[in-house]
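Structure first, then comments.
What follows draws every value from the coordinates through simple rules; no lab data is involved. Please read these numbers as outputs of a predicted model, since none were measured by experiment. Methodologically, a virtual Cβ is constructed for each residue, glycine included, from the backbone with ideal geometry; neighbour enumeration extends over all protein chains shown.
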Amino acid sequence: MKKKYKKNRNLNQNQTSFYFEDYFETNKKNKHFKENNFFQDRLYLLFFLFFSLILIFSIRIVHVSLYNIDLHDQNNVSKKFDLLRRDIVDRNGILVSRNVKSYHAAVNPKRIKNKENFLIKLRLNFPELAIKKIEKNLDKGKYFYLKKRITQIEKEKLWSLGEKGIVFEPFQSRIYTHANLFSHVIGQVDYDNYGISGVERYFDKELKNNNLKSQPLELTLDTNIQHLISEELNKALVTFSATGGGSLLMDINTGEILSLVSLPNFDINVRADLKDKKYINKITKGVYELGSIFKTFTVALALENNIVRPNTIIQNIPKSIKCSNHKISDIKEFPKDLSVEDILIRSSNIGTLLIARKIGEEKFKQFIQNTEILKSPDLQLEEVGNPINFKWNKCKLETVSFGHGITTTPLQAVLVYASLANGGSIIKPSLIKNTKNNKIKRLVSEKTSIEIVDILRKVVTDKNGTASLADVDGYFVGGKTGTSQNYDNKNENLNTFISVFPSQKPKYALLVMLENPKVAKDLIYDYRGLKIKGTRNEAGWNSVYVTGKIIEKIGPILAIKSKDFNNHYVAESIN
């Protein structure tokens with residue numbers, strides 16, 4: 001029994017020992033398993049956190065790149081820039097006017113921590129600001145404007161001050177890329193983007209049309225030509241001590257205006273209230289007595305009615321004629337007998353008067369009416385002039401024949417010259433490219449047009465002509481001078497020259513006008529191969545001179561762009 005007991009006890013002992021060892025190992029394994037699971041959970045959590053951060057930053061980067069957020073905007077609000085007005089471009093697509101995002105600088109006093117420090121910063125960086133007024137506004141504690149319509153440089157300077165109380169309010173501002181260059185044509189807009197002058201006002205609705213926002217308004221003006229003419233005209237004001245001037249370049253077949261300059265001009269980026277009359281648009285709004293340029297109209301009318309021919313001799317021309325209480329005479333002494341074309345070439349008042357009497361008042365009245373020279377110009381501008389009321393009383397026929405006692409705008413005068421040179425058709429002027437139906441009606445026949453252009457060419461080339469200084473080699477310029485005086489002040493005069501070129505097949509008309517020029521005593525003229533000093537104050541010695549300088553500059557540009565002009569130039573050069 002004892003053996004059996006022992007055996008059983010040993011068995012139990014073995015079983016107990018076996019069980020104990022098994023429990024210990026199992027327990028150990030489970031503990032190790034739990035530790036591994038916990039470690040893996042932490043890894044998964046960290047991985048999820050890193051992945052979430054990467055995802056958030058990626059989304060943010062994509063958002064910034066797509067929506068172009070302005071990082072300087074304190075409100076951190078992204079707003080789409082929707083243009084309020086269309087762009088304006090010149091005939092070559094060069095930008096003239098555009099809306100851009102600009103800012104007003106305002107101040108929220110509640111966000112200014114150190115007012116004294118803030119005022120010191122402003123005083124150092126913006127000495128032009130009214131610091132005392134700003135200090136009072138800060139004390140009131142109400143939101144106020146620090147400065148309106150700030151520049152980008154000013155915005156960056158203010159932003160660099162690091163003041164949270166400075167707020168930049170965005171708005172749309174109209175900028176003009178050429179400042180003074182187109183001031184009398186483009187005009188301006190007000191602070192609410194409404195056109196108040198020039199093209200901006202005339203086409204206000206069209207420029208704000210949402211359906212056309214992507215299409216710029218194309219002008220007929222040429223920026224390069226405008227710059228060159230403006231440059232030469234500005235030089236002329238200095239050379240001849242003139243108080244003002246103007247010029248107009250027009251395509252005589254289409255009526256398109258390639259350049260319109262009126263001096264003095266002004267920077268249209270600066271919103272200033274200009275009340276001085278010297279800043280008016282002299283070409284479209286200025287009303288003047290233009291003098292002898294009217295003689296061309298008289299001769300053209302006589303030719304059109306077959307009353308005379310260019311070589312018809314007007315005999316026994318007196319030195320003066322008394323008409324009513326007035327005595328009319330010529331400035332220079334001319335031969336007694338002159339042909340019709342010589343009367344225009346030499347610019348004889350009496351000779352022109354005698355031709356007008358052959359025409360008669362009724363026909364002359366009708367011609368003036370047909371030219372519409374006594375009406376306001378029909379152009380895409382509201383700044384147009386009204387000629388002084390005109391009545392056909394005693395001696396009007398005689399004085400109007402040579403351009404005295406009748407007023408008009410320079411634009412209207414150029415339109416008549418364009419009609420006389422383009423084959424005889426009256427055209428409508430335009431500032432908008434590709435305008436159709438510009439030819440309105442016929443003024444004279446093509447035959448009369450050819451004869452007039454031929455005489456105008458001789459005004460420049462003939463030894464007795466008044467415009468030889470405009471004879472630029474290769475451009476075959478023709479034209480007529482006009483010199484008039486202010487009745488109230490004989491020291492004030494207006495000198496004008498209207499030219500057409502090239503004379504073989506005229507394409508352009510150019511007017512140059514100087515207000516109150518003086519004799520340029522130090523200027524050396526190249527006059528028919530001779531070097532001489534100026535001693536006279538007439539259109540032939542200043543406006544004609546300036547015209548020659550302008551055509552020298554713009555001629556190559558026009559010749560390149562005009563196939564007909566270029567062909568004539570090459571043909572003449574070969575001959």
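Mind checking segment 312-363 for trypsin sites (Lys or Arg not before Pro) that DSSP puts in a loop (not H, G, I, E or B) and that have at most 13 other Cβ atoms within 10 Å?
LYS319, LYS332, LYS336
Counting Lys and Arg as +1 and Asp and Glu as -1, what is the net charge of the other residues whose Cβ lies under 14 Å from the Cβ of LYS549?
Overall, the nearby charge balance is -4.
Calculate how large, on average over all directions, the projected area of the Cα convex hull of segment 254-413 is; give the answer in nm² to one decimal.
11.8
With a/c under 1.5 counting as rounded, go ahead and sort segment 419-496 into rounded, prolate or oblate using the C-alpha gyration tensor (a ≥ b ≥ c being the square roots of the eigenvalues; past the cut-off, prolate if a/b is larger than b/c, else oblate). Kindly include the intermediate steps, with their values, before the conclusion.
Working: a/c = 2.00, a/b = 1.31, b/c = 1.52.
Oblate.
Between GLU361 and ASN108, how many nm apart are label points set 7 Å from Cα along the C-beta direction?
Distance between label points: 7.9 nm.
Given segment 100-172 reduced to its alpha-carbon atoms as identical point scatterers, what log10 I(q)/I(0) does the Debye formula return at q = 0.12, 0.16, 0.24 Å⁻¹?
-0.28, -0.50, -1.17
What is the Å³ per residue value for the convex hull set by the Cα atoms of segment 78-141?
163
So, in nm, how far is label ASP192 from label LEU274 when the simple model puts each one 7 Å beyond its Cα toward the Cβ?
Calculated label separation equals 2.4 nm.
Set Lys and Arg Cβ to +1 and Asp and Glu Cβ to -1, take the dipole of segment 226-574 about its Cα centre, and tell me which of LEU303, ILE280, ILE557 lies farthest positive.
Checked the options; the winner is LEU303.
Would you calculate, for the chain, the mean residue ellipticity at 222 nm contributed by helices, counting each DSSP H stretch of 4 or more residues as -39,500 (n - 2.57) and dividing by all residues, to the nearest 500?
One gets -12500 deg cm²/dmol as the mean residue ellipticity at 222 nm.
Between GLU169 and ARG60, what is 0.36 nm times their sequence separation minus the Cα-Cα distance? Round to one decimal in nm.
So the extension gain works out to 36.8 nm.
Would you kindly work out the equivalent ellipsoid of the chain from its C-alpha gyration tensor and give its semi-axes, the square roots of five times the eigenvalues, largest first in whole Å?
Over the Cα atoms of the chain, the semi-axes work out to 85, 28, 20 Å.
Using only the alpha-carbon atoms, how far is helix 349-359 inclined from the longest principal axis of the chain? Give it as 0 to 90 degrees, nearest 10.
80
Can you sort HIS184, HIS227 by how many other beta carbons sit within 10 Å, fewest first?
Listed from fewest to most nearby Cβ atoms, that is HIS227, HIS184.
Taking only Cα atoms, what is the 0 to 90° angle, nearest 10, from helix 2-67's long axis to the longest principal axis of the chain?
Relative to the chain, helix 2-67 is tipped by roughly 10 degrees.
For segment 276-307 and segment 155-213, what is the centre-to-centre distance using only Cα atoms, to the nearest Å?
Taking the Cα centre of each part, segment 276-307 and segment 155-213 sit 38 Å apart.
Would you order GLU492, GLU383 from fewest to most other beta-carbon atoms within 10 Å of each residue's own beta-carbon?
GLU492, GLU383
Mind checking the dipole of segment 226-574: about its Cα centre, +1 per Lys or Arg Cβ, -1 per Asp or Glu Cβ, Debye to the nearest 20?
540
Between ASP82 and LYS336, how high is the FRET efficiency from 1/(1 + (r/R0)^6) when r is the Cβ-Cβ distance and R₀ = 60 Å? Nearest 0.05.
After rounding to 0.05, the efficiency reads 0.20.
Measure nothing but the geometry: give the 0 to 90° angle between the long axis through the Cα atoms of 131-140 and the longest principal axis through the Cα atoms of the chain, rounded to 10°.
Computed tilt is about 50 degrees.
Once both labels are modelled 7 Å past Cα along the beta-carbon direction, what's the GLU552-ILE524 spacing in nm?
A separation of 1.3 nm, rounded to one decimal place.
Averaging sequence separations of C-alpha pairs under 8 Å and six or more residues apart, then dividing by the length of the chain, give the relative contact order as a whole percent.
13
Just going by the charge dipole of the chain, with Lys and Arg at +1 and Asp and Glu at -1 on Cβ, which of THR547, ILE368, SER445 is farthest out on the positive end?
In the chain, that residue is THR547.
Estimate the FRET efficiency between GLU156 and ARG442 by the formula 1/(1 + (r/R0)^6), using the beta-carbon distance for r and 45 Å for R0, to the nearest 0.05.
For GLU156 and ARG442, the calculated efficiency is 0.15.
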